[in-house]
Amino acid sequence: RDGTTNARKDSAGFRAEALRIDGERIRTERHLDVVNPYTGERVGTVGLATIEHVRRAYEVAQACVPTLSRYERAAILNRAAALLRERTEEASNLITAESGLSKRDSVYEIGRVADVLGFGATEALRDDGQVFSCDLTPHGKRRKVITMREPLLGVITAITPFNHPMNQVAHKVVPSVATNNRMVLKPSEKVPLSALYFADLLYEAGLPSGMLQVLTGDPREIADELLTNPSVDLITFTGGVSIGKYIAHKAGYRRIVLELGGNDPLIVMDDADLDKASDLAVQGSYKNSGQRCTAVKRMLVHEKVAHEFTERVVAKTRAWRYGDPMDATNEMGTVIDAAAAKLFEARVEEAVAQGARLLAGNKREGAMYSPTVLDRVRPEMTVVREETFGPVSPIITFKNIDEAIAISNGTAFGLSSGICTNRMDDATRFAKELNVGTVNLWQVPGYRIELTPFGGIKDSGLGYKEGVQEAMKSFCNGKTFTMPW
Ligand code: NAD
């Protein structure tokens, strides 16, 4: 991935990509390889933008004055959704090739992206303005206040992570289009091809090119300009905590929306149906190769049912098919790269050295890392104290609900959670006392629909929500108009 791997074989369908500025494909002098984590072949190359390219992208975006009606915005988004559905095979192949995610995961992702487009279209048609009468108090006047939302005066910077190569991008671009904003997007350098594919789909569906520029490059060279260019009004970032905090430090007098890491628990109480709970446990832990901000990263289990629950999780883990990502019978492909797989292996080995017990997995070959179960895990072990962004299932036991809540709240993160109990009193305690953005009863922490509010607190985010509707709100300036009435 460092541009020095030219000896690699190129895959069939190799893509020599360019930047997207002002509706043109801009070729650059230097390139970055995009490598298939399973085959090691080059899937394509993308341009390494220079500071001049970045400045030009903001100039073009700032000069564009979007005038699309609500109808036109909805029509573009609906057309893009239809095109994407027709091309599910091609688009999911691209995601799988550059990320190593299984075809099952990438086909599922395409469905989610189409949903984001569809919800964006519906929301674009909806004016959520409010009307207030002003004669409500003794000193009131016969006037009305009307609220409205306007696009930002400046440009939105969007920076996305690798884990859902197209859906992370859609969750930023679609709300921007739906609100008539201008955006400069910098996708993850690990999976930039799906982002370019998505942008092209929107242009084909009729998006005016000035409304979306796509830059690829080395963040060490261009990130600061993306954060501090005078045209930037808002930065929307999804990714890890350290870069998120760097952005907060750099952004100055600008709005920022940060969706950062997670360390989400699945909490299993002693009354839980263990078949159902263990199904949620493995799905939450291994789908998308465990690379979801809301993946199950810790299983907190009541000690009375821990043995039985663990047996079921181990059996279901052994049955989880993984291997060649293009083989549709495999549930899981690779993780993003060999370095990530090595990190998981090292954390699991460290936990075992500290007294945890390895029950399944921890096998690594290149970027392939097997689904892994560990029990006798203690909250202070790195594998659960830090975010372990891969298919690892560490099991921690607790004695009662107070301890479950304390362990759950005991990390720096606060994104989401899943709860397995049928007792309403326990469920409502979790809903009130977990310091997280979401509590899902009888679902994995990752459960959501693309429309609804989503986002975390503590190190997981600043409490702003994403999801199409909330993102559209956060991308606008509120204005009130008052008049005699
Ligand atoms: P990352 O933080 O390494 O990279 C994210 C993006 O930041 C990339 O596009 C990268 O090029 C860019 N970047 C790098 N240096 C930068 C800088 N100095 N300034 C600005 N941008 C810079 O994250 P990743 O490894 O791609 O993704 C995994 C992380 O993302 C995990 O921590 C995961 O939990 C998190 N995530 C969060 C959510 C959420 O909604 N909360 C969703 C998915 C992933």
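The values are calculated or read from the model by the stated rules, or taken from the named source; none is laboratory data. What you are looking at is a predicted structure, and each value in this text was computed from that prediction instead of being measured. Because the Cβ atoms are built from the backbone with ideal geometry, glycine has one as well, and the counts that use them run over all protein chains shown. Ligands, DNA and RNA are stripped out before the accessible areas are found, and what is left, the full protein with its side chains, is counted by its heavy atoms. Shrake-Rupley method; radii C 1.70, N 1.55, O 1.52, S 1.80 Å.
Looking at segment 165-213 only, could you name the residues that are more than 9 Å from the ligand (Cβ to nearest atom), under 20 Å from LEU258 (Cα atoms), among the polar types (S, T, N, Q) and part of a loop (DSSP other than H, G, I, E, B)?
THR179, ASN181, listed by residue number.
Between THR160, THR216, which is crowded, with 24+ Cβ neighbours inside 10 Å, more than 18 Å from GLY467 (Cβ to Cβ), within 14 Å of the ligand (Cβ to nearest atom) and hydroxyl-bearing (Ser, Thr, Tyr)?
THR216
Could you check segment 330-355 and list, in sequence order, the residues that are small (Gly, Ala, Ser) and either open to solvent by 10 Å² or more (accessible area, probe 1.4 Å) or without any contact (Cβ under 8 Å) to a residue 24 or more places away in the chain (or both)?
ALA338, ALA339, ALA340, ALA346, ALA353, GLY355
In segment 163-204, which residue that is over 16 Å from the mean Cα position of the chain (by Cα) and among the hydroxyl-bearing types (Ser, Thr, Tyr) is surrounded by the fewest Cβ atoms within 10 Å (Cβ to Cβ)?
TYR203
All but one of (1) away from the ligand (no atom under 13 Å from the Cβ); (2) among the acidic types (Asp, Glu); (3) within 18 Å of ASN440 (Cα to Cα) hold for ASP264; state the number of the condition that does not hold.
With (1) away from the ligand (no atom under 13 Å from the Cβ); (2) among the acidic types (Asp, Glu); (3) within 18 Å of ASN440 (Cα to Cα) applied to ASP264, the lone miss is (1).
Looking at segment 57-81 only, could you name the residues that are of a type in the set (Gly, Ala, Ser) and either touching a strand residue (DSSP E or B) at 6+ places or on another chain (Cβ under 6 Å) or part of a helix (DSSP H, G or I) (or both)?
Result: ALA57, ALA61, ALA63, ALA74, ALA75, ALA80, ALA81.
Please pick out the residue among PRO371, PRO379 that is under 30 Å from THR334 (Cβ atoms) and open to solvent by less than 10 Å² (accessible area, probe 1.4 Å).
PRO371 is the lone residue from the list that is under 30 Å from THR334 (Cβ atoms) and open to solvent by less than 10 Å² (accessible area, probe 1.4 Å).
Determine, yes or no, whether ARG312 is near the ligand (Cβ under 10 Å from one of its atoms), farther than 24 Å from GLY467 by Cβ and either of a type in the set (Ser, Thr, Tyr) or open to solvent by 20 Å² or more (accessible area, probe 1.4 Å) (or both).
Considered against the rule, which asks whether it is near the ligand (Cβ under 10 Å from one of its atoms), farther than 24 Å from GLY467 by Cβ and either of a type in the set (Ser, Thr, Tyr) or open to solvent by 20 Å² or more (accessible area, probe 1.4 Å) (or both), ARG312 comes out as no.
Step by step: first the residues of segment 365-393, then only those that are in a strand (DSSP E or B) and within 16 Å of the ligand (Cβ to nearest atom), then the one that is farthest from THR294 (Cα to Cα). Which residue is that?
TYR369
Name the pairs whose Cβ atoms lie under 8 Å apart, with the first residue in segment 51-72 and over 18 Å from ALA158 (Cα atoms), the second outside any helix (DSSP H, G or I) and among the aliphatic types (A, V, I, L, M), and 6 or more positions between them or separate chains?
If the second residue must be outside any helix (DSSP H, G or I) and among the aliphatic types (A, V, I, L, M), the pairs left are ARG70/LEU125; TYR71/LEU125.
I'm trying to understand the selection: among the residues of segment 409-464, which are aromatic (Phe, Trp, Tyr) and at pLDDT 95 or above?
PHE413, PHE430, TRP442, TYR447, PHE454
Between VAL43, VAL54, which is surrounded by 17 or more Cβ atoms within 10 Å (Cβ to Cβ) and assigned to a strand (DSSP E or B)?
VAL43
Considering only residues that are touching a residue at least 40 places away in the same chain (Cβ under 8 Å) and open to solvent by 10 Å² or more (accessible area, probe 1.4 Å), which ones fall in segment 273-283?
Passing the criteria: ASP273, LYS276, LEU280, GLN283.
Please go through segment 341-364 and give me each residue that is assigned to a strand (DSSP E or B) and out of contact with any helix residue (DSSP H, G or I) (no Cβ under 8 Å at 6 or more places or on another chain), ordered by number.
Across segment 341-364, the qualifying residue is only ARG357.
Just a yes or no: is a residue in segment 259-272 in contact (Cβ under 8 Å) with a residue 24 or more places away in the chain, of a type in the set (S, T, N, Q), within 19 Å of PRO371 (Cα to Cα) and open to solvent by 60 Å² or more (accessible area, probe 1.4 Å)?
Within segment 259-272, not a single residue is in contact (Cβ under 8 Å) with a residue 24 or more places away in the chain, of a type in the set (S, T, N, Q), within 19 Å of PRO371 (Cα to Cα) and open to solvent by 60 Å² or more (accessible area, probe 1.4 Å).
Within segment 432-485, track down each residue that is closer than 23 Å to ASP115 by Cβ and aromatic (Phe, Trp, Tyr).
Selection gives TRP442, TYR447, PHE454, TYR464, PHE475.
For the list (1) of a type in the set (D, E, K, R); (2) within 16 Å of the ligand (Cβ to nearest atom); (3) more than 24 Å from CYS476 (Cα to Cα), I need the number of the one condition that ASP224 fails.
Here ASP224 meets the rest and fails (3).
In segment 231-255, how many are more than 11 Å from the ligand (Cβ to nearest atom), touching a residue at least 40 places away in the same chain (Cβ under 8 Å), touching a helix residue (DSSP H, G or I) at 6+ places or on another chain (Cβ under 9 Å) and open to solvent by 10 Å² or more (accessible area, probe 1.4 Å)?
2
Which residues, taken from segment 128-164, are in a strand (DSSP E or B) and closer than 30 Å to GLY333 by Cα?
ALA158, ILE159
Select, from VAL35, VAL107, VAL116, VAL60, the only residue that is buried (at least 17 other Cβ atoms within 10 Å of the Cβ), at pLDDT 95 or above and touching a Lys or Arg at 6+ places or on another chain (Cβ under 7 Å).
VAL35
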